[in-house]
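Comments concern the structure below.
The values are calculated or read from the model by the stated rules, or taken from the named source; none is laboratory data. Values in this document were obtained by computation on a predicted structure and should not be read as measured data. Here the Cβ positions follow ideal geometry from the backbone for every residue, glycine too, while neighbour counts run over all protein chains shown. For accessibility, only protein heavy atoms count, side chains too; no ligands or nucleic acids. Shrake-Rupley method; radii C 1.70, N 1.55, O 1.52, S 1.80 Å.
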Amino acid sequence: MVKAKQKIATMKELSEAIGISRPTLSRYFQDPSTVKPSTSRKIKERLAEVDYVYNFIATRQNRKSSGLIGVIIPHYKDLFFTSLLEAIERAARDAGYTVITQSSNGNATGEAQAVARLRSMSADGAIIAPLGLESSTEAFQLAREDFPIVFTDSRPAVEIQGSDFVGTDNAQSIAAIVDYLCRTGEPPVFLSMPRVNSNAIERQDAYQAKMHELGYEPRFIESGSADESWQFEAYGLGIMDEQFSRQRYTSDTILCANDRIAIGAIRGANKHGLFARNPERRSGLRIAGHDDHPLSRFMFPAITTAAQDIEGIGDVGVRMLLERIRGERDDASIAVLKEAALRIREST
C-alpha cells in the first residue's frame, strides 16, 4: 500500500516540513535558476515527498507583474491555431511567463468575455487572434488601457491605438502560389473563404491583383447559400460537391483560400472520382490551399499549399508584447508580416 504524502497548505508549512527557508522557496518557485543548483536539487527532491501545490495567482496579487500572458484564439478545434498556440507558449515560457489561453468560440460575445477575463486576472499583456468584428472594438480598447496587445493571424475591424500586429503577408503568399499554378498549368479559379476575419478579404484581393499582373482574368467559384461560418471543411465540400455534380470545374485548377476549405473540396473531388489513383483516369483537376494545415500532407492527394511561418509568428508576437510590457517600446503601432513558403505536393 502506497503511503499517503503529507499534505501542505501554506509556504510556511512547506518551509518547516522540508527545511528550506521561505525566501529561498519563493525564489525557487519564481525562477529555479535564481537559487544554487545544489539547493534547487534539494528542493525538488523534498517536494516529491510532500503534497503541495504552489499558488501561482496568490503570490502575485501584490506585485506589479502577474507573470501572465493571455492568448485568445477563435477555436481550439482548428489545428492551425493549436500550432500557433504551441509556438506562443514556447516563446513565453522561455521568457519566464505563463500563458492563459481562451477560445472566443468564433463569436463576438465569447471574444468580449475572454478579453474581460484577462483583465480580471491582471494579465501583463495579451496576444489575440481576432474575429475582426466591430462589436469587439470597445472590449479591445478598454483592455488596451490595462495592458499591451499584439494581434495575430488577422487584423481587428478597427485599429486599436498602441497595439501591434504579426501575421502572414497574404499578398506575398497568395502571389507565390498563383504564380506557381500559372507556370505549371491552367490559371486558377478562386474559392474564397467565409468572411469571418480579415484574411478572407486580403487573400481574395491578393489573388485578383496577381492574376491581373500575369495578364489573366480572375475567376471565382460562387458560394451560393453556403454557410458563412468557421466550418470550413463543410463549406468547401458543400460548394464543390454541388459544382462537381453538375460537371463544373472537374478539370480546372482551384485555389482555395485556406487548407481546411481545400480539404473539403478534395473530399468532394474524391466523392466524384476526380482524383483517381490510376493516372490514366485522372480528370486533370488541381486543388491548392493556403496555411499548411497539419493535416494537409496526409490527405489524398496531399495538398499543395503556402506554409505560414507559425514558429516565427509566435516568436515575434511574444517578443513585441514583451517589449511593451517591459517599457522598452511605447511608440506607434507596428505590423510585422512574415513570408510563407510553397509546399508542392500531389494535389497539383
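Quickly run through segment 299-314 and pick out the residues that are closer than 30 Å to Arg144 by Cβ and crowded, with 18+ Cβ neighbours inside 10 Å. Don't jump to the end; show me each part of the working.
Our first condition is that a residue be closer than 30 Å to Arg144 by Cβ; within segment 299-314, this holds for 308-314.
Listed by number, the residues that qualify are Gln308, Asp309, Ile310, Ile313, Gly314.
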Query raised in the report: Which numbered condition trips up Arg219, out of (1) basic (Lys, Arg); (2) touching a residue at least 24 places away in the same chain (Cβ under 8 Å); (3) over 27 Å from Gly264 (Cα atoms)?
Result: (3)
Report task. Please specify each residue of segment 315-348 satisfying the condition of being in a strand (DSSP E or B) and either buried (at least 22 other Cβ atoms within 10 Å of the Cβ) or touching a Phe, Trp or Tyr at 6+ places or on another chain (Cβ under 8 Å) (or both). Result -> Ala335, Val336, Leu342
Query - Failed criterion for Thr59 (all others in (1) open to solvent by less than 70 Å² (accessible area, probe 1.4 Å); (2) modelled with pLDDT of 90 or more; (3) part of a helix (DSSP H, G or I) hold) - result: (2)
Query raised in the report: List the pairs whose first member sits in segment 130-151 and is under 23 Å from Ile201 (Cα atoms), whose second member is of a type in the set (Phe, Trp, Tyr) and open to solvent by 10 Å² or more (accessible area, probe 1.4 Å), and whose Cβ atoms are under 9 Å apart, counting only residues at least 6 apart or on separate chains?
Result: Val150/Phe165; Phe151/Phe165
Query raised in the report: Going through segment 122-137 one residue at a time, which ones are in contact with an Asp or Glu (Cβ under 9 Å, 6 or more places away or on another chain) and part of a helix (DSSP H, G or I)?
Result: Ser135, Ser136
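Could you say which residue among Asn258, Asn197 is buried (at least 16 other Cβ atoms within 10 Å of the Cβ), out of contact with any helix residue (DSSP H, G or I) (no Cβ under 8 Å at 6 or more places or on another chain) and among the polar types (S, T, N, Q)? Give the derivation first.
On the way: Asn258 fails: out of contact with any helix residue (DSSP H, G or I) (no Cβ under 8 Å at 6 or more places or on another chain).
The conditions single out Asn197.
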Report task. Enumerate the pairs (first residue in segment 186-197 and among the aromatic types (Phe, Trp, Tyr); second residue anywhere and not in a loop (DSSP other than H, G, I, E, B)) with beta-carbon separation below 6 Å, excluding pairs fewer than 6 apart on the same chain, so at least 6 apart or on different chains. Result -> Phe190/Tyr207; Phe190/Phe220; Phe190/Leu255
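How about segment 1-51: which of its residues are hydroxyl-bearing (Ser, Thr, Tyr) and open to solvent by 40 Å² or more (accessible area, probe 1.4 Å)?
Narrowing segment 1-51 to residues hydroxyl-bearing (Ser, Thr, Tyr): 10, 15, 21, 24, 26, 28, 33-34, 38-40.
Correct list: Thr10, Ser21, Ser33, Thr34, Ser38.
Please tell me if Phe151 is open to solvent by 10 Å² or more (accessible area, probe 1.4 Å) and aromatic (Phe, Trp, Tyr).
On the way: open to solvent by 10 Å² or more (accessible area, probe 1.4 Å): no; aromatic (Phe, Trp, Tyr): yes.
The answer is no for Phe151.
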**Report entry** Residues within segment 73-96 that are open to solvent by 40 Å² or more (accessible area, probe 1.4 Å) and either among the basic types (Lys, Arg) or in a loop (DSSP other than H, G, I, E, B) (or both), tallied
**Finding:** 6
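Considering each of Glu159, Glu138, Glu202 in turn, give the residue that is under 19 Å from Leu255 (Cβ atoms) and open to solvent by 10 Å² or more (accessible area, probe 1.4 Å).
On the way: Glu159 fails: under 19 Å from Leu255 (Cβ atoms); Glu138 fails: under 19 Å from Leu255 (Cβ atoms).
Testing whether each residue is under 19 Å from Leu255 (Cβ atoms) and open to solvent by 10 Å² or more (accessible area, probe 1.4 Å) leaves just Glu202.
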